Amino acid sequence: MPKRAVFILGEPEYESHLTMPAIAEELEDRGEIRASVCISSHIPDNPDFPESHFPGLEALADADVAVFYTRFRVLPEAQMQIIKAYLDAGRPVVGLRTSTHAFRFPEGSPWHSWNEGFGRNVLGTPWISHHGGQSSTQVTKLPGTAGHPILEGIEDSFHVRSWLYMVLPLPDDCAQLLWGVPIGAQGEVQENPVAWTRTHNGGRVFYTSLGHPDDLAVPSVRTLVMNGIRWALE
C-alpha cells in the first residue's frame, strides 16, 4: 500500500499552495504515496505573519512523511502539539525554502523558540539572509555525491530563479548534495549549499532552499523534490 505523505503548505510568497499539490498529485498518480494536502487558512488582516490553522492536519498522526513549505505561521496550541508529537517520534521530514522560518510566535508564547528552533534543530539551519530577489542561482552537484538516490535523474548543473539563501555554517551531520552560486547578486557574494540530508530524532530529513514557482518548472528541481520525498520514506 502507498505510504501517507502530508503536505503542510502556508506561505504568501512562492505559491506553494499551487506548486506542491501538483507534486503530490504526480506522486499519487504513480501510486507512490497517498497524499493529504493541508493548506493554511489565516486571518487576512495580517497576511505576512498570520494566525493560521491547517485544515486536515490531524492526518499527520498517521503520516509516513511530512512535507513542510510554510513561512511565519502562528498556529493554535492543538495543531502545534500535533506537529511536536510527529517530530518527537522521529518521523521523516522534507522541508522547502521558507520552512527554515516556518513559525513566527510572539515573545511570551510557549512556542516562541520554534521561530528559530524548527529550522535549526529539525532542518539544519534557521533563517539567516539571502542574496536578494534581483538575483538567481546556478546549482551544481557537489563532489562525492554520485549515486545518491536524491540526485538520480538530476542534471550536473542547472539554473534556477530562486535567489540564494545563506545557510552556513551547517551542523556537521548535514550531508550536502547541491551547491549554489548567486548570479546577479549585489553586495557580497557568498556561495552556499542548497540541498542536504540529516536526521532528527532518528528520522530522515531532506531540505532544499529551492522552491520558487519557476524553480518547480525546471525538471531537475521537480525530480529533486520528488526524490527527496522518496528518500525520506526509505
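The values are calculated or read from the model by the stated rules, or taken from the named source; none is laboratory data. Only a predicted model underlies this, so the values are computations on that prediction, with no experimental measurement involved. Note: ideal-geometry Cβ built from the backbone for every residue, glycine included; neighbour counts use all protein chains shown.
Details
- The residue pairs whose first member lies in region 1-13 and is among the aromatic types (Phe, Trp, Tyr), whose second member is in a strand (DSSP E or B), and whose beta carbons are closer than 6 Å, counting only pairs six or more residues apart or on different chains, are Phe7/Val37; Phe7/Val67.
- When residues of region 59-87 are limited to those that are small (Gly, Ala, Ser) and surrounded by 15 or more Cβ atoms within 10 Å (Cβ to Cβ), the one nearest to Val225 (Cα to Cα): Ala66
- Across region 49-87, the number of residues qualifying as more than 18 Å from Pro106 (Cβ to Cβ), part of a helix (DSSP H, G or I) and of a type in the set (Asp, Glu) comes to 2.
Rundown of residues vs (1) over 21 Å from Met20 (Cβ atoms); (2) assigned to a helix (DSSP H, G or I); (3) without any contact (Cβ under 8 Å) to a residue 40 or more places away in the chain; (4) acidic (Asp, Glu), yes/no style:
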position: Ser99; (1), (2), (3), (4): no, yes, no, no
position: Trp111; (1), (2), (3), (4): yes, no, yes, no
position: Asn115; (1), (2), (3), (4): yes, yes, yes, no
position: Val122; (1), (2), (3), (4): no, yes, no, no
position: Pro126; (1), (2), (3), (4): yes, no, yes, no
position: Thr140; (1), (2), (3), (4): yes, no, no, no
position: Ile150; (1), (2), (3), (4): no, yes, no, no
position: Gly153; (1), (2), (3), (4): no, no, no, no
position: Phe158; (1), (2), (3), (4): no, no, no, no
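- Subset of region 88-119 (residues that are among the small types (Gly, Ala, Ser), within 19 Å of Glu51 (Cβ to Cβ) and surrounded by 15 or more Cβ atoms within 10 Å (Cβ to Cβ)): Ser99, Ala102, Ser109
- Region 128-156, subset more than 26 Å from Leu233 (Cα to Cα) and among the hydroxyl-bearing types (Ser, Thr, Tyr), residue surrounded by the fewest Cβ atoms within 10 Å (Cβ to Cβ): Ser129
- Failed criterion for Asp172 (all others in (1) more than 15 Å from the chain's Cα centre (by Cα); (2) in a strand (DSSP E or B); (3) surrounded by fewer than 23 Cβ atoms within 10 Å (Cβ to Cβ) hold): (2)
- When region 98-133 is filtered for residues that are touching a Lys or Arg at 6+ places or on another chain (Cβ under 7 Å) and on the phi > 0 side of the Ramachandran plot, only Gly124 remains.
- Yes/no for Gly133 being at pLDDT below 95, over 19 Å from Tyr207 (Cβ atoms) and out of contact with any His (no Cβ under 6 Å at 6 or more places or on another chain): yes
- Residue match in region 73-86 (condition: within 25 Å of Asp214 (Cα to Cα) and out of contact with any helix residue (DSSP H, G or I) (no Cβ under 6 Å at 6 or more places or on another chain)): yes
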